[in-house]
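Engineer: Handing you a structure now.
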Amino acid sequence: MTLRGRADIPSAQRIVVKVGSSSISGENAGQIAPLVEALASAHERGTEVVLVSSGAIATGMPYLKLDERPTDLATQQAAASVGQNLLVVRYQDALDRFGIIAGQVLLTAGDLENSTPRSNAQRAMDRLLALRILPIVNENDTVATHEIRFGDNDRLAALVAELIGADLLVLLSDVDALYTKPPHLDGAERIEHVPFGDDLAGIEIGSIGRAGVGTGGAETKVSAARIAAGSGAAVLITATPLVAEALAGAHVGTWFDAAPERHTTDEAAPLT
């Protein structure tokens with residue numbers, strides 16, 4: 001179905017929610033519980049929900065005695081290997097009280113770029129959702145290389161939304177909306193609504209987030225929003241603490257209209 005605005009969110013059939021590393025790791029690890037509660041509320045009303053969660057590397061860092069995100073690929077892979085297991089356990093612990101089972105789905109860019117693994121991923125996701133499992137998707141950082149990475153999980157979330165034909169993509173971060181310039185600068189104004197095809201001319205979009213553990217920012221979210229909107233999914237960008245309000249249809253964040261007609265292809269969007 002095509003969502004025409006925030007008020008339509010409660011009637012969405014499939015939703016992809018993406019949360020960044022800085023929102024659910026370190027001092028913000030406590031945000032997992034309210035995030036899961038919001039997802040469970042949507043799940044309870046019959047919505048099929050997919051969570052795309054960053055945070056494997058950030059979660060694993062303390063166990064490798066790392067004070068900052070590693071820059072070399074091998075240490076990133078090691079931190080992801082440790083952290084992914086811990087991250088999913090934390091999500092499942094929070095989901096237990098709602099009687100929801102999580103399914104872990106780890107993808108590389110190649111999985112969505114090539115037709116056979118892409119079809120396999122689509123089939124697996126469809127079956128998980130039909131079984132009322134809540135898929136938790138992340139990039140497979142343990143085996144991914146610099147050359148074939150998505151680059152950020154905003155893009156991964158957009159491609160997952162396209163893959164499963166989601167009605168809505170919700171991109172969560174530590175900022176409540178998209179602004180006309182970085183929100184800490186004087187004169188920054190919140191953008192309420194972005195019509196489909198709007199090139200956001202004159203908007204100063206920052207390329208990095210405020211935290212030091214993630215890889216995304218407003219620039220990656222806008223790029224992801226355009227991918228998802230082009231495939232027929234509406235997009236909402238808002239802050240992680242506002243996720244319950246967002247999924248209930250409250251007037252929060254920045255809304256991107258979906259394309260008037262859903263466009264689907266057998267191939268993933270190019271990785272450029």
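The values are calculated or read from the model by the stated rules, or taken from the named source; none is laboratory data. Given the structure is predicted, the values throughout are model-derived calculations rather than measurements. Ideal geometry is used to build each Cβ from the backbone, glycine not excepted, and the neighbour counts take in all protein chains shown. SASA here: full protein model, heavy atoms, side chains in, ligands and nucleic acids out. Shrake-Rupley method; radii C 1.70, N 1.55, O 1.52, S 1.80 Å.
Engineer: Of the numbered conditions (1) among the aliphatic types (A, V, I, L, M); (2) without any contact (Cβ under 8 Å) to a residue 12 or more places away in the chain; (3) within 15 Å of residue 236 (Cα to Cα), residue 9 satisfies every one except a single condition; which is it?
Structural biologist: Single failed check for residue 9: (2).
Engineer: Please go through the stretch 20-43 and give me each residue that is within 18 Å of residue 79 (Cβ to Cβ), hydrophobic (A, V, I, L, M, F, W, C) and surrounded by 23 or more Cβ atoms within 10 Å (Cβ to Cβ), ordered by number.
Structural biologist: The answer is 24, and nothing else.
Engineer: Please find, within the stretch 132-162, the residue that is modelled with the highest pLDDT out of those that are open to solvent by 10 Å² or more (accessible area, probe 1.4 Å) and of a type in the set (A, V, I, L, M).
Structural biologist: 133
Engineer: Could you list, in sequence order, the residues of the stretch 89-123 that are within 18 Å of residue 13 (Cα to Cα) and touching a strand residue (DSSP E or B) at 6+ places or on another chain (Cβ under 8 Å)?
Structural biologist: Listed by number, the list holds a single entry, 100.
Engineer: Restricting attention to the stretch 86-135, which residues are free of Cβ contacts under 8 Å to residues at least 24 places away in the same chain, hydrophobic (A, V, I, L, M, F, W, C) and either closer than 25 Å to residue 26 by Cβ or touching a Ser or Thr at 6+ places or on another chain (Cβ under 7 Å) (or both)?
Structural biologist: 89 - this is the single residue of the stretch 86-135 that is free of Cβ contacts under 8 Å to residues at least 24 places away in the same chain, hydrophobic (A, V, I, L, M, F, W, C) and either closer than 25 Å to residue 26 by Cβ or touching a Ser or Thr at 6+ places or on another chain (Cβ under 7 Å) (or both).
Engineer: Check the stretch 86-99 and report whether any residue there is touching a helix residue (DSSP H, G or I) at 6+ places or on another chain (Cβ under 8 Å), open to solvent by less than 70 Å² (accessible area, probe 1.4 Å) and of a type in the set (Val, Ile, Thr).
Structural biologist: No, the stretch 86-99 contains no residue that is touching a helix residue (DSSP H, G or I) at 6+ places or on another chain (Cβ under 8 Å), open to solvent by less than 70 Å² (accessible area, probe 1.4 Å) and of a type in the set (Val, Ile, Thr).
Engineer: Taking the stretch 100-122, which residues are open to solvent by less than 20 Å² (accessible area, probe 1.4 Å), over 18 Å from the mean Cα position of the chain (by Cα) and over 13 Å from residue 159 (Cα atoms)?
Structural biologist: 100
Engineer: Here's something else I'd like to know. Do you know which residues across the stretch 92-118 are under 17 Å from residue 43 (Cα atoms) and outside any strand (DSSP E or B)?
Structural biologist: 92, 93, 94, 95, 96, 97, 98, 99, 100, 101
Engineer: Take the stretch 52-85 and flag every residue that is small (Gly, Ala, Ser) and surrounded by 18 or more Cβ atoms within 10 Å (Cβ to Cβ).
Structural biologist: From the stretch 52-85, those small (Gly, Ala, Ser) are 53-56, 58, 60, 74, 78-81, 83; that's our starting set.
Across the stretch 52-85, the qualifying residues are 53, 54, 55, 56, 58, 60, 78, 79, 80, 83.
Engineer: If you don't mind, another one. Could you check residue 83 against (1) within 19 Å of residue 37 (Cα to Cα); (2) under 20 Å from the mean Cα position of the chain (by Cα) and say which number it fails?
Structural biologist: Every listed condition holds for residue 83 apart from (1).
Engineer: Take the residues in the stretch 187-216 that are charged (D, E, K, R) and at pLDDT 90 or above; name whichever of them is nearest to residue 49 (Cα to Cα).
Structural biologist: 192
Engineer: Please verify whether the stretch 60-80 includes one or more residues that are of a type in the set (A, V, I, L, M) and in a strand (DSSP E or B).
Structural biologist: First pass over the stretch 60-80, keeping only residues of a type in the set (A, V, I, L, M): 61, 64, 66, 73-74, 78-80.
Right, trim to in a strand (DSSP E or B) and you get none.
Checked the stretch 60-80: no residue is of a type in the set (A, V, I, L, M) and in a strand (DSSP E or B).
Engineer: Oh, and also: What number of residues within the stretch 84-135 are among the small types (Gly, Ala, Ser) and in contact with an Asp or Glu (Cβ under 9 Å, 6 or more places away or on another chain)?
Structural biologist: Residues that pass the stated criteria total 6.
Engineer: Output the number of residues of the stretch 1-25 satisfying the condition of being in a strand (DSSP E or B) and of a type in the set (Asp, Glu).
Structural biologist: Number of matching residues: 0.
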